[in-house]
Number of protein chains: 2
Amino acid sequence: MKILYHPKKEDIHLTAVLAALSDPIRIRLVLDIAKSGERPCGTFEQPVAKSTMSHHVRTLREAGVLNVRVQGTQHLLSLRSEDLEERFPGVLSSILKAAEALEREAPR
Amino acid sequence: MKILYHPKKEDIHLTAVLAALSDPIRIRLVLDIAKSGERPCGTFEQPVAKSTMSHHVRTLREAGVLNVRVQGTQHLLSLRSEDLEERFPGVLSSILKAAEALEREAPR
DNA sequence: TTTAATGTTCGATGATCTTAGAACTTTCGA
DNA sequence: TCGAAAGTTCTAAGATCATCGAACATTAAA
């Protein structure tokens, strides 16, 4: 069984989090997880190949944004909301609120 | 006199703001301006060439983070805090707070 | 024990980004 | 008028990034 690297809370870098969230596909992914809760990798309707999705998930995980839990063949994704909130209060929540508002403006 | 492009408030994109702030040099620049107020381009002690600085300032301006005001040969930089706060409430302020906290942890 | 499902990893390919130096533009002072 | 000051623009190099398809690994189910 593969062990997936997750940075410790103290090792999460602000610039890495911002970079991770600055990609349109990744922020949509994060927003979806924020709304629906923990959820397997394959259930996201994104216009990208499986390998590309894997790359984005990895980017988010290594930045400390996502937690990835393996269950059978599935990888369950969840937000590290608490860790992020403690480390950078208000950052994730305000970004998610802004992204949500934008999605209401221009849905899909 | 050159006219510098600044996006209208409604045209500021969240991902562009996050990308602009995800660079270490740029977020330090923004943090300095947040602390000291409006300030000419040349007064920042960054370990980069003048042309590189110019590129970063442009990136921040075109993302909607900075306002650039020309006065003689100087370019005065200020944060578009109000516009950003209205468009993405809490985002800039929480990021700045986090960046400030980090700077206290590891100064320079 | 196959087979299907779910992802990862490995190249490879464009695209974009960061950086710097050189040349240029504009403005202000001497 | 001439020169210094403050930036910008251009060009180029190297790095990183997003993307895909193909091959692979692991697990669950038939």
Query raised in the report: What is the calculated FRET efficiency for B:ALA101 to A:VAL48, with r their C-beta to C-beta distance and R₀ = 35 Å, to the nearest 0.05?
Result: 0.50
Report task. Show the residues, 5+ positions off or on another chain, whose built amide H is closer than 5 Å to the amide H of A:ASN67. Result -> A:SER78, A:LEU79, A:ARG80
Query - segment A:7-42: trypsin sites (Lys or Arg not before Pro) falling in loop per DSSP and having at most 15 other Cβ within 10 Å - result: A:LYS8
Requested in this report: Only loop residues by DSSP count here, and only those with at most 16 other Cβ atoms within 10 Å; note down the GluC sites (Glu not before Pro) in chain B that meet that.
Outcome: B:GLU38, B:GLU45
Report task. On a C-alpha basis, how far is the centre of segment B:66-101 from the centre of segment A:41-108 in Å? Whole number, if you could? Result -> 27 Å
Query - Test item: A:16-23 mean partner chain Cβ contacts at 10 Å - result: 5
Query raised in the report: Over segment A:12-102, what relative contact order in percent results from Cα pairs under 8 Å that are six or more residues apart?
Result: 32 percent
Requested in this report: Express the Stokes-Einstein translational diffusion coefficient of the protein assembly as shown in µm² s⁻¹, to the nearest whole number, given a Kirkwood radius over alpha-carbon pairs, 37 °C and a viscosity of 0.692 mPa s.
Outcome: 178 µm²/s
**Report entry** Two-decimal Rg to Rh for segment B:12-102 - Kirkwood Rh, Cα set
**Finding:** 0.93
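Here, each number is a calculation from the coordinates, and none is a lab measurement. Keep in mind it's a predicted model, so treat the numbers as computed, not measured. Positions of Cβ are generated from backbone atoms using ideal geometry, with glycine treated the same way; all protein chains shown enter the neighbour counts.
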